[in-house]
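The values are calculated or read from the model by the stated rules, or taken from the named source; none is laboratory data. Every value quoted in this text rests on a predicted model; they were computed, and no experiment measured them. Positions of Cβ are generated from backbone atoms using ideal geometry, with glycine treated the same way; all protein chains shown enter the neighbour counts. Protein only, heavy atoms only, side chains kept; ligands, DNA and RNA dropped before computing areas. Shrake-Rupley method; radii C 1.70, N 1.55, O 1.52, S 1.80 Å.
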Amino acid sequence: MIKIESLGLKKIEGPILMLEKNADVKYDEVVRVFDEKRNSQIGKVLSVNEKSVVVQVFGNTSGLTIKDTSVEFLGIPMTIPVGRDMLGRVFNGLGEPFDGLPQIFTGDYRDVNGAALNPYIREYPRDFIQTGISVIDGLTTLIRGQKLPIFSGNGLPHNVLAAQIARQATLKNATEEFTVVFAGMGVKYDVAKYFIDNFERSGVLSNVVMYLSLADAPSVERLLTPRAALTAAEYLAYDLGMHVLVIMTDMTNYCEALREVSTTRGQIPSRKGYPGYLYSDLASLYERAGRIKNKKGSITQIPILSMPNDDITHPIPDLTGYITEGQIVLERELFQKNVYPPVAGLPSLSRLMKDGIGEGMTREDHKDVSSQLFACYAKVKEIRALASVIGEEELSDLDRKYLDFGNDFENKFLSQGYEENRTIEATLDLAWELLKTLPESELYRINNKYIQKYLHEKG
Amino acid sequence: MSDVVKGIVVDIDGPIVKAINMNTAGMLDVVYVGEKSLVGEIIKLDRGKATIQIYEENSMMGIGDEVVSHKRPLSVLLGPGLLEGIYDGIQRPLMELSRTGGNFLLPGVKADPISFDKKWKFVPIAKKGDLVSAGTKIGYVDETALVRHFIMIPPDTKSGKIDYISGEEDKTVLETVAKLDNGAEIKMAHYWSVRKPRPYKERLSMNRPLITGQRVIDMFFPIARGGTAAIPGGFGTGKTMTQHALAKWSDADIIVYIGCGERGNEMTDVLNEFPHLIDPKSKQPLMKRTILIANTSNMPVAAREVSIYTGVTIAEYFRDMGYNVAIMADSTSRWAEALRELSGRLEEMPAEEGFPAYLPTRLAEFYERAGLIRTANDEEGSISIIGAVSPPGGDFSEPVTQHTKRFIRCFWALDKSLANARHYPSISWLDSYSEYNDEIKEYWNGVDADILNVRAEAMTILKREERLAQIVKLVGPDSLPDSQRLILLVADLLKKGYLQQSAFDEVDMYSTPKKQSLLLKVIMNFYWSSENTLKLGTPLIKIRELGLVDEIAKLKSTVSNDNTEELENYIFKIKDKFDELMKFYKV
Ligand SMILES: Nc1ncnc2c1ncn2[C@@H]1O[C@H](COP(=O)(O)OP(=O)(O)O)[C@@H](O)[C@H]1O
Ligand SMILES: [Mg+2]
């Protein structure tokens, strides 16, 4: 490896350095930046021309001086070491050990940026993951290889929900466990600790790899954290054949770091100051979920993001929703009604459930039942709005039945315990219990043969 | 003058690279950069300095890397072997690349867009001595069971007499199949610049709908063959599902589906599904008429920009054979964002929301390539373009939606609240429009002489319901008279039993024009009978008790396209039921 050092720093601005070009520099290569005491940190080349080089530092530039800083060009893209020994370990956002143990022993280094998966070689995800949570399994089914984010807000129980999913997720007819890769970006140590304790309790900690760039680490480090985590996930999935569940939290912190760098570079922003390439950048992370033909492993992603002001049209949830295969949206109103998990039924969606549910996968009536529940709950919302204007007394009998249905839906179907693990059959049976309370003529989305079987024969 | 220009890289900023010593290179010429010879295109020339956009991931490109140009524009290769293919934005064959380059798209890997080795059976249709000119069909190969691929004289060839033409023979696309007396050698494949529209004789006015099998589209907001439509909507409102449904069921001869900056799995979905879907007309797999361009969101952004031109150029090529081609571009917003990103790196002055000022011009140029035309062979060919638009926050007032609206004539507005209630397709009947209704009315008159009036009346009911719903929100439905509650009832029936059409329902995913028109008549017959009965004093509740409503709502999935006489019979059933009811209320 050729290492070339350069002095000639011209300017420091936030995490960005401008220096004279007096070495052979490659676009996107890794650099090591030394301060006067030869303490070093990592950076990468953002742009280069004949005269100057722009470098982004993944650390803290506050101690650097123009005169005494030197930069070493490593001639390689940003990589992390990968190996089976990663399991059970904790790393920082750059892939360096964060648990006091030495770096893993391996000769295998992988480019953290990954490469785009050839769309031709993708295997369409169809295996149903039972999370044991009714609203997810029943209405926004998670599929192995899917990217399904949780859209949350400050103080909402997204971590509890993600941990419950990680604990309970199983395939219906398989015994294979999930390996969990966790990327923490700008979160407090308690959050990381919460997940660690959870994994420990369920005895899977030795099957977990963590990449943590906590709230007190330099914000730019967050830009590498999910990339390191996904590089590890790809290795585990496609080299070792594991089924990997990647939890990434909080994507909002990631996006803010990206905005910070972009603003410092004086780039023209699009919405709310976020750079125009936020979509492509997020896609370069989210699209790393999936499955590959002829490969055993898979990568399922559960990114978590907090919606600023609970606003789903904010660029971060908005662009995420445009890339991911659905979204699980948490709602403050339900949370305040003590409903756990407070999943808003209507805006939540799983785009992959269509091929992963039904006969042979979950149950024959699943599609119709979920579609009917959505339709009924939408009606409930309408009637509630009406009731708030004209008063409940003025409602028709049918409308009142819908109101009862809505309450049952929230209190019996949505609500469940942190430890409660329902089978998909239990979830669907519960759905029929609720649908039974409505006149049969309201069940227009359900095939008559299922009405016959599940309403009349069973019930 | 040499045919090769060699320059060197002096500036790299993401996919935008500058090189010097490029004096004799031309604007829009393709270049190969560095050891891996990454593909790029010259997008700006300032004396000897070329600004190049790179179509592959260019991490580790260095200052001083060599830039080579053969002074040819960025082109697509057109010839037998395109169909059933899946390409990236610059027509690299993704299936081939997965064989040679592995699972991931690594920079620098190359493959021929269509096979140079495969032999096709060429069948001549011109003969020695024939005078031919640009566009003339001289032969064909049967490329797939669905498509006869005509071999045409390439557009930039001078006319001349055929000196030699191959007999019925197996040939590769590189072998000569004809020679002209002016020296031109005609092969089965030729290159054409992606940025240059292919010529045709003249534009014709449109007169027939592109039938999509989707009721809300065909019946209420139809697109003409050769027309343009936009389908805007926030995430999860159904843009992609609608585009897929159109790619499956529309009665075009050729489908070019461009996945532009969207999900990889959606392309996989098409690749998995289409070979198993059978075209209702020809009984052949739909894949046999389909070409996919997949430049997904995580693939290089410059190639995303060019992907829609690659798609439309391929479409024009088939149009020139006299085919009706339909293009689905999902999503044009991602293309516009690619423009914005590249423009930003070029440090151009931004207009609205950072988009370059030339965004509307580019959009216009793209949609302008749609149309019904007369080909060089005096046949008709068409390109219909359906572009998805992904407005940030689902807000249609943003620049891409607004500018697109100026250049399309059919607007299928997706409505978030409909999607939330799982009313699919969530095409709003209030915000959508089509300007083609007039041009294609003869077609619908041919299906059923009454249907246009029936349709207009159905639309009136939907609009009246909208106003009544406002009142209901304030005072509840009980205070409305029966005549108005009937409107609510029928509007609800129209929504559930007609406008909603699940893409997953085996019976209902595709509706023939015949079924579309009869189903609407069933619902409206129910309405007319109800209206008459109400006038005679029957309360609405008695009409509900007939039990027709629930049945009618499900007819779309119980009556298949082949059994539409059941719908005709149902109209009689409605009549009988009402006659019976009236007996009680006649004075
Ligand atoms: N015609 C339809 N029939 C049934 N479901 C649909 C239909 N259109 C959309 N959907 C549902 O909506 C989801 C999102 O649709 P999609 O087309 O992917 O949205 P968009 O491209 O606008 O983000 C799909 O996964 C599917 O569940
Ligand atoms: Mg889409």
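Details
- Enumeration of residues in the range B:68-86 that are away from every other protein chain (no Cβ under 14 Å) and either assigned to a strand (DSSP E or B) or more than 27 Å from the chain's Cα centre (by Cα) (or both): B:Val68, B:Ser69, B:His70, B:Lys71, B:Arg72, B:Pro73, B:Ser75, B:Val76, B:Leu77, B:Leu78
- Any hit, the range A:386-398, residues being at pLDDT 95 or above and of a type in the set (A, V, I, L, M): no
- Every residue from the range A:121-158 that is within 17 Å of A:Val339 (Cα to Cα) and out of contact with any Ser or Thr (no Cβ under 7 Å at 6 or more places or on another chain): A:Gly132, A:Ile133, A:Val135, A:Ile136, A:Ile150, A:Phe151, A:Gly155, A:Leu156, A:Pro157
- For A:Asp355, the test of being within 16 Å of ligand 1 (Cβ to nearest atom) and under 20 Å from A:Ala169 (Cβ atoms) is passed.
- Residue in the range A:157-172 that is open to solvent by 10 Å² or more (accessible area, probe 1.4 Å), more than 28 Å from A:Met361 (Cα to Cα) and assigned to a loop (DSSP other than H, G, I, E, B) present: yes
- Close Cβ contacts (under 6 Å, 6 or more residues apart or on different chains) running from residues in the range B:21-46 that are closer than 11 Å to B:Val67 by Cα to residues that are open to solvent by less than 60 Å² (accessible area, probe 1.4 Å) and of a type in the set (Phe, Trp, Tyr) comprise B:Val39/B:Tyr55.
- Within the range A:42-59, the set of residues being free of Cβ contacts under 8 Å to residues at least 40 places away in the same chain and either facing chain B (nearest Cβ under 9 Å) or open to solvent by 10 Å² or more (accessible area, probe 1.4 Å) (or both) comprises A:Lys44, A:Val45, A:Ser47, A:Val48, A:Asn49, A:Glu50, A:Lys51.
- Any chance A:Glu333 is part of a helix (DSSP H, G or I) and either within 16 Å of ligand 2 (Cβ to nearest atom) or open to solvent by 40 Å² or more (accessible area, probe 1.4 Å) (or both): yes
- Of all the residues in the range A:382-405, those that are in contact (Cβ under 8 Å) with a residue 12 or more places away in the chain and within 14 Å of chain B (Cβ to nearest Cβ) number 9.
- Hits in the range A:8-41 (condition: in contact (Cβ under 8 Å) with a residue 60 or more places away in the chain, surrounded by 18 or more Cβ atoms within 10 Å (Cβ to Cβ) and part of a strand (DSSP E or B)): A:Leu9, A:Ile16
- Residue list for the range A:57-80, restricted to those being assigned to a strand (DSSP E or B) and out of contact with any Ser or Thr (no Cβ under 9 Å at 6 or more places or on another chain): A:Val57
Matching residues to (1) touching a helix residue (DSSP H, G or I) at 6+ places or on another chain (Cβ under 7 Å); (2) in a strand (DSSP E or B); (3) within 16 Å of ligand 2 (Cβ to nearest atom); (4) at pLDDT below 95:
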| residue | (1), (2), (3), (4) |
| --- | --- |
| B:Asp170 | no, yes, no, no |
| B:Gly183 | no, no, no, yes |
| B:Trp192 | yes, yes, no, no |
| B:Met206 | no, no, no, no |
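- Checking B:Arg374, B:Arg340, B:Arg362, B:Arg409 one by one, the residue that is of a type outside the set (S, T, N, Q), without any contact (Cβ under 8 Å) to a residue 60 or more places away in the chain and away from every other protein chain (no Cβ under 12 Å) is B:Arg362 and no other.
- Subset of the range B:368-402 that is within 19 Å of B:Thr242 (Cα to Cα) and more than 16 Å from ligand 1 (Cβ to nearest atom) - its residue that is surrounded by the most Cβ atoms within 10 Å (Cβ to Cβ): B:Ile385
- In summary, helices (runs of 4 or more DSSP H) completely within the range B:480-577 and bearing 3 or more residues that are more than 12 Å from chain A (Cβ to nearest Cβ) occur at B:482-494, B:513-535, B:540-544.
- Output for the range A:340-381, where each listed residue is in contact (Cβ under 8 Å) with a residue 12 or more places away in the chain, charged (D, E, K, R) and open to solvent by 10 Å² or more (accessible area, probe 1.4 Å): A:Arg351, A:Lys354, A:Asp355, A:Arg363, A:Glu364, A:Lys367, A:Asp368, A:Lys379, A:Lys381
Rundown of residues vs (1) among the polar types (S, T, N, Q); (2) within 30 Å of B:Thr460 (Cβ to Cβ); (3) open to solvent by 20 Å² or more (accessible area, probe 1.4 Å), yes/no style:
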site	(1), (2), (3)
B:Ala126	no, no, no
B:Lys158	no, no, yes
B:Arg198	no, no, no
B:Asp218	no, yes, no
B:Lys239	no, yes, no
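- A:Arg259 being free of Cβ contacts under 8 Å to residues at least 24 places away in the same chain and part of a helix (DSSP H, G or I): yes
Let's see how each residue does on (1) within 16 Å of ligand 2 (Cβ to nearest atom); (2) under 30 Å from B:Thr136 (Cβ atoms):
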site	(1), (2)
B:Glu341	no, no
B:Glu352	no, no
B:Phe355	no, no
B:Thr361	no, no
B:Asp378	no, yes
B:Gly387	yes, no
B:Ser390	yes, no
B:Ser397	no, no
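- Residue that is in the same structural domain as A:Arg89 (by TED's automatic domain parsing), closer than 15 Å to A:Phe91 by Cβ and open to solvent by 10 Å² or more (accessible area, probe 1.4 Å), where the choices are A:Arg259, A:Arg227, A:Arg201: A:Arg227
- The set of residues in the range A:81-105 that are surrounded by fewer than 15 Cβ atoms within 10 Å (Cβ to Cβ), part of a loop (DSSP other than H, G, I, E, B) and at negative phi comprises A:Glu96, A:Asp99, A:Leu101, A:Pro102, A:Gln103, A:Phe105.
- Pick from the range A:122-144, criterion part of a strand (DSSP E or B) and hydrophobic (A, V, I, L, M, F, W, C), ranking: nearest to the other protein chains (Cβ to nearest Cβ): A:Ile143
- In the range B:253-273, the residues that are more than 16 Å from ligand 2 (Cβ to nearest atom) and open to solvent by 10 Å² or more (accessible area, probe 1.4 Å): B:Asp253, B:Leu271, B:Asn272
- Subset of the range B:93-143 that is of a type in the set (Asp, Glu) and assigned to a loop (DSSP other than H, G, I, E, B) - its residue that is nearest to the other protein chains (Cβ to nearest Cβ): B:Asp112
- Pairs with Cβ under 6 Å, 6+ apart, first in the range A:271-283 and within 7 Å of another protein chain (Cβ to nearest Cβ), second among the aliphatic types (A, V, I, L, M): A:Tyr279/A:Leu319; A:Ser280/B:Val301; A:Ala283/A:Ile323
- Within the range B:451-478, tally of residues that are over 24 Å from A:Leu346 (Cα atoms) and either in contact with a Cys (Cβ under 6 Å, 6 or more places away or on another chain) or modelled with pLDDT of 95 or more (or both): 13
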